[in-house]
Every structure is written in C-alpha cells, then in structure tokens.
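All of the numbers you see were taken from the coordinates with simple rules; none came from a lab. None of these values were measured; they are calculated from a predicted model. Here the Cβ positions follow ideal geometry from the backbone for every residue, glycine too, while neighbour counts run over all protein chains shown.
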Amino acid sequence: MTDQLTIVVAAWNEAEALPELHPRISAVLDGLRRDQGIRGRVLYVDDGSTDATWEVMRQIAAGDPRVSLLRLSRNFGKELALTAGLDAVTEGAALILDADGQDPPELAPQFVARWREGYDDVYGTRTVREGEGWFKRASAHGFYRVMQRLSKTPIPVDTGDFRLLSPRALAALRQLRERHRFMKGLFGWVGFNRIAIPYERQPRSAGRSKYNVWKLWNFALEGVTSFSTAPLRVATYAGLATALLAFGYGVWIVAKALLYGDAVQGWPTMMAVILFLGGTQLMALGFIGEYLGRLYLESKQRPLYLVDTWLPAEGVESEPTLSGGGVHDAYREAPAGGEGA
C-alpha cells in the first residue's frame, strides 16, 4: 500500500507568500511520488484572513487536484488553525509547514525517510535563523531553554512546528482537546519515537511576520502556564520567604521597643515594608489569576474552532472527522457551509 503524506499549511493574511510557496511544495510532492512512492496532498487552512488569502487558496486548488482547503469561521489563532488542519488528516502522516516559506519544504524527503525508519515525530531544529532581528532570536533562544527547565514535558530547544507526525502521533493528538493550546508542548507530551533534523531557517519569502513583541510575550506566557506550575510554586516560595522576613523584622521591632524604647516611628521603613508586601501579594495573585482564567475557559467546553468551508481535493472524503475519541468538535456541531456543503 502506498504511503500518504499531507502537508498542512495554516495561514493568516499570507496572500503574498502562498503563490511563492506552493510551487515549491508541488515540486517536492512530485519528487516524493517519483522517488519514494509517496502519495502526497496539501491542506491549506485559512484562519479567518482579512486579505485575499482565501481567493489565492482557491486559485491554487483550481490548478492542483492534490489541494484541499479548510476555511475557519473567524481568526482563532495559529495553534487552533493548526489543530483544525491536523484533525482533518484522516489518512497517513502529516507534515506541518509555515505559510511564510521560512521552513524549507525541500527537506520533506529527509523527514519521510526518518518516518519510514519508524519515527513518529520528526522535527526540524533550527541551527540558523536568517532574516530575524536580534531581539527575536535572543528571546526565542531564552524561551526554549526556560521552558526546558520549568516543564517536565520534553520540549526540544530551537524547534518550532516544522515536523512530520506519524498516523499514531496524529491519533494521540486528537485526544488532547484543551482550549489553551501550546502545540510545541503537546507534540512533546505525546511522546513516541522522536528525532531531530537540523536545518537553516530561511528569511521570509514575502509579506511580514504577524508576531510583534506583545504577541510573543503572550505566546511565551501561554507556553509556561500550559506546561508548568512553576510560577505558582515560585509565588508560594516567595510568599513563604516574605512571611519569614516580615516575622523576623516584627520580632526585631518588638524587642527593640522593649529594650530601648521607640519614641519616633520610622515612616520610610513602614512604607517600604507595605509596598514590598503589597507588590509580592499582587504578583502572586496575578499568577493565580492566570491559571484560574484558564480553568474558567476550559470549563465552558466550547468547540476549539468552527469551520466555514471545506473544499476537498480529488479522492478526499467530503466530511472529515475533525476530532478524536468522541470529543465534541466544531465540525460536528456546525457543519461546513459554502461551496463544500
């Protein structure tokens, strides 16, 4: 039986980059078919784009029968758009590719070779990050190493979403339905046989990055709170240390007053202690609030995403199962509309 590989590309406002990316993907699929007997397909996921991305995808699909299109009802974010794409892969393996062209699809034959050797998660590790500023490179370098220390889940350093997942890895991911999704952590949590392929990340082919400093900060916060309770533990230890210091200082004040008297109270000292204790308490409450907010959103049990349009490629079933394990999913609760209905 011929192995099947689906290249999953989630895009948001990438109308400029997709026309340059697809010919590279098409050439790679032709080579895989010819050299390794792989039956290749492409799945583009439009994450509620506001530019001409959907029209560009339609044009690509019209010229290539191997292309399927999935359009979400609005912008749900990259993690959920990627989840929707992986949910739609019901046969064979999936290769995740960014729409900006920075991760080279030409490495797909190496990923497939490792998959056929028995690996379930073949991930690309960046050795060079061309076209990125020093701040983004430094922050990414620090983030992955902090995550390694804080989380018990194995998250490889300098590794993004560029990876190939075997059918059983995809089936395992479908069972993980939390609303706040940090996909790099979920890939690591699944486990199975994993191996890295080093590569040099290229500059963007077109357009500009959708991640600014604020989005990168929130992304890092999502990762830390999704796969580590270290902030809560830090808050606990900080509170304990502060309480011990405050108790010791109180004993010293009482002893000093009893032995020597204290005619003049120290207003600066009092204010310093109050501000220090208040700041520590607010910081701890902020940590607790982050986790409580996530519990609140998880308790609502809303669908992860809603599908607007599903346009299958030739030979692909018209209604893919977009969830696993009998979990409520967007596609089942809100069937696709538009051309794919």
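Charge dipole of segment 38-126 (Cα centre as origin; +1 on each Lys and Arg Cβ, -1 on each Asp and Glu Cβ, all else neutral): 220 debye, rounded to the nearest 20. FRET efficiency for the pair residue 50 and residue 281, taken as 1/(1 + (r/R0)^6) with r the Cβ-Cβ distance and R0 = 56 Å, rounds to 0.85.
Translational diffusion of segment 1-52 was estimated from the Stokes-Einstein equation, with Rh taken as the Kirkwood radius over Cα pairs; at 10 °C and 1.306 mPa s the coefficient is 131 µm²/s. Modelled this way, with points 7 Å down the Cα-to-C-beta line, the labels at residue 35 and residue 193 are 2.2 nm from one another. Using a Förster radius of 41 Å, what is the FRET efficiency between residue 176 and residue 62 based on their Cβ-Cβ separation? Nearest 0.05, please. Working from the Cβ atoms, E equals 0.75.
Taking 0.36 nm per residue of separation and subtracting the current Cα-Cα distance, fully stretching the chain between residue 259 and residue 238 would add 4.4 nm. In this simple spin-label model, placing a label point 7 Å from the Cα along the Cα-to-Cβ direction at both residue 288 and residue 168 gives a separation of 4.4 nm. Its residue count N fixes a reference of 2.2 N^0.38 Å for segment 1-129, and the Cα radius of gyration divided by that reference is 1.02.
Stretched out straight at 0.36 nm per residue, the stretch from residue 106 to residue 274 would grow longer than its current Cα-Cα span by 54.5 nm.
Distance between the 7 Å Cα→Cβ label points at residue 298 and residue 116: 4.1 nm.
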